[in-house]
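The values are calculated or read from the model by the stated rules, or taken from the named source; none is laboratory data. Model, not experiment: these values are computed from the prediction. Backbone-built Cβ (ideal geometry, glycine too); neighbour counts: all protein chains shown. These accessible areas exclude ligands, DNA and RNA; they are computed on the full protein's heavy atoms, side chains included. Shrake-Rupley method; radii C 1.70, N 1.55, O 1.52, S 1.80 Å.
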Amino acid sequence: KTAYAGVNLTWSDARRLDASLAFVAIPSSKGTYLLPGDATAPREGLRAVNPRARWTSAFGVEGLWLEGEWAHQWSTSFDMSADGWGLWSGYAFTKAKGRPAALYRYSVFSGDDPDTATYERFDTMTGGVQRDWLLGMAMTQVARGRNLKVHRVELSVQPKPGMSLSVDLYDYSADTLNNLGGQRALPAYASSHLGNEVTPTLQWSVNGNLYVQALATYLVPGAGIRDALPEKTHVWQAYKLSLYWFF
């Protein structure tokens with residue numbers, strides 16, 4: 001029961017530079033934010049501004065790209081100031097067999113400091129795209145783009161036309177130990193390190209009709225989660241196989 005309104009402006013030089021600027025507002029919502037002391041604040045009134053830019057063939061180097069994004073949030077209903085941002089750097093060996101590539105991204109989604117009057121916990125709003133605002137197939141079930149710091153490395157190769165193999169490695173930490181508004185079993189983390197995740201992925205356009213996507217993910221909980229739960233944790237696993245048929 002949330003309504004969104006917004007505008008997105010984009011610009012490109014059709015060669016190397018792409019940029020966008022989005023503004024999003026929530027004019028009405030039944031949602032609330034959980035504050036210390038069992039208090040709540042309305043989601044209605046949330047505002048966000050989101051600039052983003054990508055530089056292809058950065059510094060004139062073919063295959064090198066840089067990208068950055070920032071989102072700042074505030075509210076017309078109460079004192080709120082939250083931020084989410086990410087920085088990417090990647091390189092593809094465009095002339096090598098198999099086009100091997102690597103990328104690194106560091107991203108931060110602010111958590112709330114209960115000792116301040118301002119509410120700082122980032123709100124991912126509608127969720128976002130996997131690998132951008134939603135990081136890690138398993139971790140999104142625990143910390144969905146809020147109160148999170150993430151290092152991500154991806155290695156990929158294209159062994160044949162239409163096929164891509166990649167492995168993503170994630171390292172997760174909490175921005176604050178206070179986690180009110182997250183999973184009910186984890187209102188607070190025991191320490192900042194939340195875990196590590198590895199996700200191998202296959203994407204394959206078999207022919208003009210069939211597209212296959214297969215992946216597995218393994219999340220090893222860190223001390224921040226492991227020591228905050230009453231029972232022993234295990235390696236969390238998930239598997240996905242998708243077949244797409246085009247007519």
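So, R0 is 35 Å and r is the distance between the beta-carbons of Lys97 and Thr126; what FRET efficiency does that work out to, to 0.05?
0.30
Looking at the chain, which longest stretch skips every one of the GluC sites (Glu not before Pro) that is in a DSSP loop with at most 13 other Cβ atoms within 10 Å, leaving the sites themselves out?
The segment 63-230 is the longest one with no such site.
Once phi is turned into θ = phi - 60°, what whole-Hz ³J(HN,Hα) does the Karplus curve with 6.51, -1.76 and 1.60 give for every residue of the range 192-208, x standing for Gly and Pro?
Values, residue by residue: 6, 6, 9, x, 9, 9, 10, 9, x, 9, 10, 10, 9, 8, 5, 7, x Hz.
So what is the accessible area of the chain per residue, in Å², with the probe set to 1.4 Å?
54
Between Phe23 and Tyr211, what is the spin-label point distance in nm, taking each point 7 Å from the Cα along the Cα→C-beta axis?
Between Phe23 and Tyr211, the simple spin-label model gives 3.4 nm.
Are there trypsin sites (Lys or Arg not before Pro) in the range 91-135 that DSSP puts in a loop and that have at most 12 other Cβ atoms within 10 Å, and which ones?
Qualifying residues, ordered by number: Lys95, Lys97.
Heavy-atom accessible area of Asp38 with all protein chains present, probe 1.4 Å, nearest 10 Å²?
Approximately 140 Å² of Asp38 is accessible to the 1.4 Å probe.
What full-extension length gain, to one decimal in nm, is calculated for Tyr239 and Gln141 as 0.36 nm per residue of separation minus the Cα-Cα distance?
33.9 nm
Tabulate in residue order the Karplus-calculated ³J(HN,Hα) for the range 9-24, using 6.51 cos²θ - 1.76 cosθ + 1.60 with θ = phi - 60°, rounded to whole Hz; enter x for Gly and Pro.
Residue by residue, the range 9-24 yields 10, 10, 8, 8, 8, 6, 9, 10, 10, 9, 9, 8, 9, 10, 10, 10 Hz.
Residue by residue, what Karplus-based ³J(HN,Hα) values in Hz, rounded to whole numbers, does the range 52-60 have, using 6.51, -1.76 and 1.60 with θ = phi - 60° and x for Gly and Pro?
Here the 3J(HN,Hα) series is 8, 8, 9, 10, 8, 6, 4, 6, x Hz.
Report the full-extension gain for the segment Tyr4 to Ser191: residue separation times 0.36 nm, less the Cα-Cα distance, to one decimal in nm.
That pair, Tyr4 and Ser191, stretches by 63.8 nm at full extension.
If you stretched the chain out fully between Leu155 and Ser89, how much longer would it get, using 0.36 nm times the residue separation minus the C-alpha to C-alpha distance?
22.5 nm
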